[in-house]
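The values are calculated or read from the model by the stated rules, or taken from the named source; none is laboratory data. Note that the coordinates shown come from a computational prediction; the quantities given were computed from them, not determined experimentally. No Cβ is skipped: glycine too gets one built from the backbone with ideal geometry, and neighbour counts run over all protein chains shown.
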Amino acid sequence: MADRNILTASDVTVEYPAHSVSSAFTAVKGFTLTIRPGEIVGLVGSSGSGKSTLAQIASGQAALRGSKDNSPRIIGGSLDVLGFEMRGIKRSKLNKLTLGVGFVSQDAGSNLTSNMTVAELVAEPLFLRDKRYNRQKAGLKAATLVDALLLPVGSMLKYPHELSSGQRQRVAVARGLILDPVLLIADEPTAGVDVSVRGAVVDVIAGLQRSRGASALIVSHDLETLRRSVDRIAVIHEGVVVGLGPIDDVLGDPRHPYVAGLARESYGDDEYDDEDFDGDGDDFDGDGNDLDGHADSNGDGDDGPDVAGVTGDGDVHDAGDAGDGRRA
């Protein structure tokens, strides 16, 4: 495995098939990316960009659902994950793939089994894989992950309803890491997590995977959360990759208006001229507006309202990135 890529995407096009009154929709167009062993890659884009669709495809979750829930499918190009070709993959091979691929969805924290404690939830994947797994060892491994993700040790005995949304999401991250996956695909793993610890959560994911020579694909709209942890980013906009490389290289030499907007958000307006980023005397779209003609108050790539509520422990509930479940 050390001599080959963990993930190789070559000109991948992904479509949501026609469903009910909806026509077929192409969510990803010509996506190309490689992930090497031990490499941590961030996949960046606004709501509706196609990044969550890619996470579902690469993790095998879309194929596991099959034709249910209008699942996306690869209709062009090639996607190899851990040596498995994902285009048209069979159920028997999917089962083998999931032995090496971990997945954390952006709503994983809200889907935890309600009658299990945190200790049971985090350790459960170990027993699903091996019913004879040592319980003391499993408990210690679960507690180590819970502690690393800055959750109180006392939370091990709590149930999901006793935790904030941000705490539940961190429990889901611990659950995704406990099997030591060769590739962890985390779709907005800090969704709902307090801004003060988001970077630390991504640090834990990156640090654990990198220390074992394993890899991660971390999907996010938040560049600052990724900045100190990932080796490279792939920026996707309307289903197309518009930037690829180390964060500072991508932002320092943007080749697309969306990336230029990210650079302004990251570095500030003093360093970059809003009206002439490409040096040709024109603004991005010729009308003097931002990339899509709308104001984005908090830089999350979503022009919708951002409603934040803060729980007792400081974890934030952000309703501005809900997406529509289809194009995220």
**Complete:** Exactly one of G30, G88 is surrounded by fewer than 16 Cβ atoms within 10 Å (Cβ to Cβ), within 20 Å of the chain's Cα centre (by Cα) and either of a type in the set (D, E) or over 20 Å from S215 (Cα atoms) (or both), and that residue is G30
**Complete:** Of all helices (runs of 4 or more DSSP H) fully inside the range 206-269, the set with 3 or more residues that are hydrophobic (A, V, I, L, M, F, W, C) is 247-252, 257-267
**Asked** When the range 59-86 is examined, which residues are found to be in contact (Cβ under 8 Å) with a residue 40 or more places away in the chain, more than 16 Å from L183 (Cα to Cα) and not small (G, A, S)?
**Response** N70, P72, R73, I74, I75
**Asked** Just one of the numbered conditions (1) in contact with a helix residue (DSSP H, G or I) (Cβ under 7 Å, 6 or more places away or on another chain); (2) farther than 22 Å from F31 by Cβ is not true of R210; which one?
**Response** (1)
**Prompt:** Quick one: would you say D273 is more than 27 Å from T26 (Cβ to Cβ) and at pLDDT 90 or above?
**Reply:** no
**Prompt:** Taking the range 169-192 as the region of interest, how many residues are farther than 12 Å from V104 by Cβ and either at pLDDT below 95 or not aliphatic (A, V, I, L, M) (or both)?
**Reply:** 2
**Asked** Within the range 53-82, restricting attention to residues that are over 18 Å from the mean Cα position of the chain (by Cα) and modelled with pLDDT of 95 or more, which residue is nearest to T8 (Cα to Cα)?
**Response** D80
**Prompt:** Just wondering, is there one or more residues in the range 59-71 that are assigned to a loop (DSSP other than H, G, I, E, B), of a type in the set (K, R) and surrounded by fewer than 22 Cβ atoms within 10 Å (Cβ to Cβ)?
**Reply:** no
**Message:** Against the condition of a type in the set (S, T, N, Q), in contact (Cβ under 8 Å) with a residue 24 or more places away in the chain and within 29 Å of V250 (Cα to Cα), how does S47 come out, does it pass?
**Reply:** yes
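Has the range 248-256 got any residue that is surrounded by 21 or more Cβ atoms within 10 Å (Cβ to Cβ), modelled with pLDDT of 90 or more and in contact with a strand residue (DSSP E or B) (Cβ under 6 Å, 6 or more places away or on another chain)? Walk me through how you get there before you give the answer.
Taking the range 248-256 first, the residues surrounded by 21 or more Cβ atoms within 10 Å (Cβ to Cβ) are 250-251.
When the remaining residues are screened for being modelled with pLDDT of 90 or more, the result is 250-251.
Filter once more, so that each one left must be in contact with a strand residue (DSSP E or B) (Cβ under 6 Å, 6 or more places away or on another chain): 250.
Yes, there is a match, as at least one residue in the range 248-256 is surrounded by 21 or more Cβ atoms within 10 Å (Cβ to Cβ), modelled with pLDDT of 90 or more and in contact with a strand residue (DSSP E or B) (Cβ under 6 Å, 6 or more places away or on another chain).
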**Prompt:** Which members of the range 186-200 meet the condition of being surrounded by 24 or more Cβ atoms within 10 Å (Cβ to Cβ) and out of contact with any Gly (no Cβ under 9 Å at 6 or more places or on another chain)?
**Reply:** D187, E188
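Mind listing whichever residues of the range 193-202 are assigned to a helix (DSSP H, G or I) and over 19 Å from S105 (Cβ atoms)?
Selection gives V195, S196, V197, G199, A200.
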